[in-house]
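Chemist: Can you keep this structure in mind? I'll have questions shortly.
The values are calculated or read from the model by the stated rules, or taken from the named source; none is laboratory data. Model, not experiment: these values are computed from the prediction. As a convention, Cβ positions derive from the backbone with ideal geometry for all residues, glycine included, and neighbour counts pool all protein chains shown. For accessibility, only protein heavy atoms count, side chains too; no ligands or nucleic acids. Shrake-Rupley method; radii C 1.70, N 1.55, O 1.52, S 1.80 Å.
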Amino acid sequence: MDYSFPKDFTTKLNVVIIDDESSARNVLSNLLIKNFQFIEIVTIAVNCQSGIDSIIKYNPELVFLDIEMPDGTGFDVLNKTKFLKFDTILTTAYEQYSNLIHDYSIIDYLLKPIIVSELRSSIQKVFTKRLV
């Protein structure tokens, strides 16, 4: 698949990562930093409440969101921030939630461990949506 990200893209895509697993946060942030120069990670949240607070504070364009966390679910985060406009890519180890992506207007669904080619495809979907 051809990923047509702009080579001279000067506008940063502000991103919030929300995941309770430190290794998952580290892997995703490293993949984003190494492969997508136009993405700026504005903050990384470690649970639902800090994720909600981060989304409200930073108003990101894109959120990478884990589903199962100790203090709730990613869907709790989406329900409490639905008054804001941002794209969401779910990152999870659980396949059973894939049927809910249409209910929440989620751009894509990435299973852990995240593979860079699948991440590229997900970000391409965000990029394509923003050009329309």
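Chemist: Among the residues of the range 32-66, count how many are among the acidic types (Asp, Glu), in contact (Cβ under 8 Å) with a residue 24 or more places away in the chain and within 22 Å of Lys82 (Cβ to Cβ).
Modeler: Residues in the range 32-66 being among the acidic types (Asp, Glu), in contact (Cβ under 8 Å) with a residue 24 or more places away in the chain and within 22 Å of Lys82 (Cβ to Cβ): 2 in total.
Chemist: Moving to a separate point now. Report, by residue number, each residue of the range 56-74 that is open to solvent by 20 Å² or more (accessible area, probe 1.4 Å) and not in a strand (DSSP E or B).
Modeler: Within the range 56-74, Ile56, Lys57, Tyr58, Asn59, Glu61, Pro70, Asp71 qualify.
Chemist: Select from the range 40-55 the residues that are under 18 Å from Ile123 (Cβ atoms) and either more than 11 Å from the chain's Cα centre (by Cα) or not in a strand (DSSP E or B) (or both) and list them in ascending order.
Modeler: Step one: filter the range 40-55 for residues under 18 Å from Ile123 (Cβ atoms), giving 40-42, 44.
Result: Glu40, Val42.
Chemist: Okay, moving on. Take the residues in the range 75-85 that are open to solvent by 80 Å² or more (accessible area, probe 1.4 Å) and in a loop (DSSP other than H, G, I, E, B); name whichever of them is nearest to Arg120 (Cα to Cα). Show your work before the answer.
Modeler: So in the range 75-85, the residues open to solvent by 80 Å² or more (accessible area, probe 1.4 Å) come out as 80, 82-83, 85.
Those left that are additionally in a loop (DSSP other than H, G, I, E, B): 82-83, 85.
Working: Lys82: 26, Phe83: 28, Lys85: 22 Å.
Out of the qualifying residues, it is Lys85.
Chemist: If I go through the range 87-106 residue by residue, how many of them are in contact (Cβ under 8 Å) with a residue 40 or more places away in the chain and farther than 18 Å from Ser29 by Cα?
Modeler: 0
Chemist: How many residues does the range 87-106 hold that are assigned to a loop (DSSP other than H, G, I, E, B) and surrounded by fewer than 18 Cβ atoms within 10 Å (Cβ to Cβ)? Talk me through it step by step, then tell me what you get.
Modeler: Residues of the range 87-106 that are assigned to a loop (DSSP other than H, G, I, E, B), as a first pass: 93-94, 101-106.
In the following step, the residues that additionally are surrounded by fewer than 18 Cβ atoms within 10 Å (Cβ to Cβ) were identified as 93-94, 101-105.
Result for the range 87-106: 7.
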